[in-house]
Amino acid sequence: MSELPFNSTSYYHYLSEHKLMGCRSKTSGKFYLPPRPICTTSYSSDMEWEQVSGKGEIIAFTVITVAPTHMIEAGYSRDNPYCAAIVRLQEGPAISAQILGVDLSMPEEAIKIGTPVQATFIERGEGPAKRTYLAFEVVQ
């Protein structure tokens, strides 16, 4: 397979393989996650794929009770909320994702800024509608 373009379609392709991939500018060294085709520092399109460890820490979070359609379809609601967070990865960039395995009955006690997390992958849907999403689990 030839190298994939640096776009969201390729990002989701790698997620389906349970790989968290970003890209690095060969000219400036700046790292992007999700990937982008052009470096915002050097304006170069000379990019390369790079897999990240998936280790990071929560830098912001919220508990969502009024979910968008795709999360309602996944079973979330006012009675079954979920946690979304911004995670700063060890490699530097920050990315938003769902946080799994936390007690949301008292989120202020279960989730803290600085909590270490590890990337995991959620598969939702079936057949051609099947899609893989990035999530994070708290590291105990």
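The values are calculated or read from the model by the stated rules, or taken from the named source; none is laboratory data. Predicted model, so just to flag it, every value in this text is computed and none were measured. Glycine also receives a Cβ, built like all others from the backbone with ideal geometry; neighbour counts cover every protein chain displayed. What goes into the accessible areas is simple: the full protein's heavy atoms, side chains included, and nothing from ligands, DNA or RNA. Shrake-Rupley method; radii C 1.70, N 1.55, O 1.52, S 1.80 Å.
Hey, if we sort Ser53, Ser96, Ser10 by accessible area with the 1.4 Å probe, largest down, what's the order?
Final ranking, largest accessible area leading: Ser96, Ser53, Ser10.
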Paramagnetic reach from Ala74 (point 7 Å along Cα→Cβ, amide N under 16 Å) across region 85-104: 85-87, 95-104
Within the chain, helix-based [θ] at 222 nm, where runs of 4 or more DSSP H residues each add -39,500 (n - 2.57), nearest 500: -3000 deg cm²/dmol
Of all accessible heavy-atom area on the chain, the percent that carbon and sulfur account for (1.4 Å): 50
Pairs of Lys in the chain closer than 26 Å at Cα, counting only those 8 or more apart or on different chains: 7
Accessible area (Å², per residue) of region 46-140, counting only protein heavy atoms and a probe of 1.4 Å: 57
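With a cap of 11 neighbouring Cβ atoms within 10 Å, and only residues DSSP puts in a loop, list the trypsin sites (Lys or Arg not before Pro) found in region 1-96.
Answer by residue number: Arg78.
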In region 1-85, GluC sites (Glu not before Pro) in a DSSP loop with at most 11 other beta-carbon atoms within 10 Å: Glu3, Glu17
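Between Leu4 and Arg124, what's the calculated FRET efficiency when r is the beta-carbon distance and R0 is 25 Å? Round to 0.05.
With R0 = 25 Å, the Cβ-Cβ based efficiency is 0.65.
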Per DSSP, loop GluC sites (Glu not before Pro) in region 81-132 with at most 11 further Cβ within 10 Å: Glu126
